[in-house]
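Data first, discussion second: the structure below is written as structure tokens.
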Amino acid sequence: MNRDSASQRILKLRELINDYRYNYHVLNKSIMSEAAADSLKHELAGLEELFPDLITSDSPTQRVAGGVLPGFSEVAHRQRMLSLNDVFNRSEIEAWLARISKAADLSVDRIELFCDIKMDGLACALIYRDGLLERGVTRGDGFVGENVTANIRTIDSVPLALRSSKQAALFLKGTTEVRGEILMYKADFESLNEQRVKDNLPPFANPRNTAAGTIRQLDPALVSTRPLHFRAYDLIREEPGDVPSYSYAYEMLRSLGFSVNPMASVFIGLDRVMNFIDQWEAKRHRLDFNTDGLVIKVNDRTVYEKLGVVGKAPRGAVAYKYAAEQATTRVKDILVSIGRTGAATPVAVLEPVQIAGSTVQMATLHNESEIERKDIRIGDSVIVHKAGDIIPEIVQPLIQLRSGEEKVFKMPKICPDCGSDLVKKKSDEAVWRCPNHSCPSRSWKQIQHYASKEALDIEGLGEKNVIALLDAKLIKDAADIYSLRPEQLMQLERFAEISANKLIAAIQEKKQPPLARFLYGLGIRHIGIQTAVDLANKFKNLDAIAAATTDSLAQVDGVGEIVAESLVEYFSEPRSQQLLAKFKQTSVWPQPVTNTGGSLVGRGFVISGTLNSLSREEAAEKIRSLGGTFQSSVGKETDYLVIGDNPGSSKIAKANQLKTQILNEAQFLAMLD
């Protein structure tokens, strides 16, 4: 075949393959089998190999790009990628409508609302120049994202060239930005995990994290093997008038070759919006992807832009969140888990069930009294939900479904890990405890706690490495880690020379930690990180804390009688004294506090939502280093509520009730500086 004939054939093959892609991904139709489409791609690749000068960047063969990438460069977004404020019920939507109605000077019955399902994926922006894909950028912090173009090109549902149509011809000229979510469908996720189990690989946690982790891989060839999809939700042009409404944007996106949610609709009036919400609460489990709610926007883009932005969220849109997802399953057994302080916590072993996008197989039962109160039995059918969408918890047993074969749980009298008798130090205490400080479960959890992020923050000393070191009898307690040598670690399967040296270096870096971190890391019962900070600021050094009386300890803010007694008991135990002596022998001792001042002294902070510039732990550390108090919930002692992405509405409501000052992330960072 000569070059001219090949050129004509290549153009026809590309047109047919792109038409197949459009019908399959956008119209949900198949004009040929997947095998036939693969055959056409194979022929196209063969012709392009013979005539490489005919290869163009928008060819279907160019989806897998090059080799392993050196890293991702940062790209500033042309328009900030904003997050949305959450609403949880009809009254909150009604209040939002009243605010925007007043701000836009429009009656509520004249505001068109564009409603769509909120997709649980990775937000991404695609930049097209004169119709050709130029760049793919992750959301990042909203201002700057990562350039993941090579990986984006491997996703079949991403057009390498915008589809040409008379209706959408305008968008083939100049710069067109398409925003959407990168998703992994639930069925594809399950198939991927089934294959990983067959290959003796650990299964992935959930579709969203898997999609996000995949798109950040440095090897596009690996990305191309993962079943990712792109669904668009916004269309942006330099001239705002090019896209007059969100409903028009969806219409154009489909014409340009993008998959959009077909259920998206425009409504006027709160009743119709609530009907849509209720309809999809019942049907959302049938969707290909996970979702936790809907997005509600002012449809008219001129009005939307006029409403402006507050903090990191536009006034003209909100995210409606469904209540924490629940599911039913069966309690296969109830086991007892021993924590680092010896607390014996009953844990329900469940038949695996999907809740909020992840598989749940265990749920905490808190203590014996909680089991009795809820009357949970082995063999019960139960309702399970994720408290705060994080911690699996049994809501209630379904007593009506009992067969009579269910068994009442009896708290064991001995520790399941070491055989010691479980005890209660006080008759009215709810928790049974293992008193054996050498109990295997207590040992590894205590050492892991010592190395955790809020304590000593020793990178590389997680659960599996701690257990491996204990099993090899290289350590018995936290002090022993400082005597480890690289050659000892290299005898274990988990370590090679580089990883062994890296862990030893990380340990040695933490030989003179801050007093509060070290005190917290000791794992003394009732001592949280803020209490440790308060004690450190009051007593200045560890010896003074160890020698303090219950009366002097109880005078510290946040330290009552119970906490004071726990401290005195800990430092009077021979085992604790031996541990501290061992720390001293290895030249490990916390730094004394020399300066307890700072710009935030006496001020209490609560953080709600996700901050983009630093983690919650880093923010808490900065607050404490400047003399402030980091709190978990809004109360009378709270001076500031810091709002990040997706803040909790209950904390905002409480702050408004108490007239607590609310800060956005930029205002908070300015205070830290």
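Here are the numbers for the structure shown:
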read-out	value
Qualifying residue in region 484-500 (condition: touching a residue at least 40 places away in the same chain (Cβ under 8 Å) and over 21 Å from D417 (Cβ atoms))	no
Residue match in region 131-138 (condition: more than 25 Å from the chain's Cα centre (by Cα), more than 20 Å from D19 (Cα to Cα) and either in a helix (DSSP H, G or I) or not β-branched (V, I, T) (or both))	yes
Residue within region 192-201 that is polar (S, T, N, Q), out of contact with any Gly (no Cβ under 9 Å at 6 or more places or on another chain), touching a residue at least 60 places away in the same chain (Cβ under 8 Å) and not in a helix (DSSP H, G or I) present	no
Selected residue (only one of L422, L401 is modelled with pLDDT under 90 and over 29 Å from S632 (Cα atoms))	L401
Failed item in (1) in a strand (DSSP E or B); (2) touching a residue at least 60 places away in the same chain (Cβ under 8 Å); (3) more than 22 Å from P514 (Cα to Cα), with F630 passing the rest	(3)
Unmet requirement for A451, which otherwise passes all of (1) surrounded by fewer than 12 Cβ atoms within 10 Å (Cβ to Cβ); (2) of a type outside the set (V, I, T); (3) in contact with a helix residue (DSSP H, G or I) (Cβ under 8 Å, 6 or more places away or on another chain)	(1)
Among residues of region 10-39, those that are more than 26 Å from Y128 (Cα to Cα), at pLDDT 75 or above and in a helix (DSSP H, G or I), counted	0
Total residues in region 574-602, condition touching a Phe, Trp or Tyr at 6+ places or on another chain (Cβ under 7 Å) and either of a type in the set (A, V, I, L, M) or surrounded by fewer than 18 Cβ atoms within 10 Å (Cβ to Cβ) (or both)	4
Scan of region 141-172 for residues that are charged (D, E, K, R), touching a residue at least 24 places away in the same chain (Cβ under 8 Å) and farther than 15 Å from H229 by Cβ, ordered by number	D141, E146, R163
Pairs with Cβ under 6 Å, 6+ apart, first in region 417-429 and closer than 12 Å to S441 by Cα, second of a type outside the set (D, E, K, R) and surrounded by 11 or more Cβ atoms within 10 Å (Cβ to Cβ)	D417/I338; D417/C439; D417/P440; D417/S441; C418/N436; C418/C439
Subset tally (residues that are under 15 Å from V588 (Cβ atoms) and part of a helix (DSSP H, G or I)) for region 521-552	3
Test result for S157, assigned to a loop (DSSP other than H, G, I, E, B) and surrounded by fewer than 20 Cβ atoms within 10 Å (Cβ to Cβ)	no
Candidate set from region 556-586 (those that are within 39 Å of the chain's Cα centre (by Cα) and not in a helix (DSSP H, G or I)); member that is farthest from V533 (Cα to Cα)	T586
Options D86, D120, D109; residue that is farther than 30 Å from D288 by Cα and not aromatic (F, W, Y)	D109
Every pair of residues 6+ apart whose Cβ atoms lie under 7 Å, when the first sits in region 601-624 and is at positive phi while the second is at pLDDT below 90 and among the charged types (D, E, K, R)	G609/D645
Test: V349 is touching a Ser or Thr at 6+ places or on another chain (Cβ under 6 Å), of a type in the set (A, V, I, L, M, F, W, C) and assigned to a strand (DSSP E or B)	no
Residues located in region 643-673, provided they are among the hydrophobic types (A, V, I, L, M, F, W, C) and more than 17 Å from V601 (Cα to Cα)	I643, I652, A653, A655, L658, I662, L663, A666
Condition met for G145 (assigned to a strand (DSSP E or B) and in contact with a helix residue (DSSP H, G or I) (Cβ under 6 Å, 6 or more places away or on another chain))	no
Boolean, E351 is in the same structural domain as A249 (by TED's automatic domain parsing) and out of contact with any Leu (no Cβ under 9 Å at 6 or more places or on another chain)	no
Region 435-461 - residue that is among the charged types (D, E, K, R) and part of a loop (DSSP other than H, G, I, E, B) and, of those, farthest from A505 (Cα to Cα)	E454
Residue in region 249-256 that is over 27 Å from R21 (Cβ atoms) and charged (D, E, K, R) present	no
Enumeration of residues in region 173-191 that are small (G, A, S), surrounded by fewer than 19 Cβ atoms within 10 Å (Cβ to Cβ) and either in contact (Cβ under 8 Å) with a residue 40 or more places away in the chain or within 27 Å of R78 (Cβ to Cβ) (or both)	G174, A187
Which numbered condition T638 misses (of (1) farther than 24 Å from L456 by Cα; (2) polar (S, T, N, Q); (3) surrounded by fewer than 20 Cβ atoms within 10 Å (Cβ to Cβ))	(3)
Of all residues making up region 289-343, the number that are outside any strand (DSSP E or B) and of a type in the set (D, E)	3
Unique match (being closer than 28 Å to Y520 by Cα and surrounded by 21 or more Cβ atoms within 10 Å (Cβ to Cβ)) among I338, I376	I338
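The values are calculated or read from the model by the stated rules, or taken from the named source; none is laboratory data. All values reported here derive from a predicted model rather than from experimental measurement. Glycine gets a Cβ as well: all are built from the backbone with ideal geometry, and neighbour counts include every protein chain shown.
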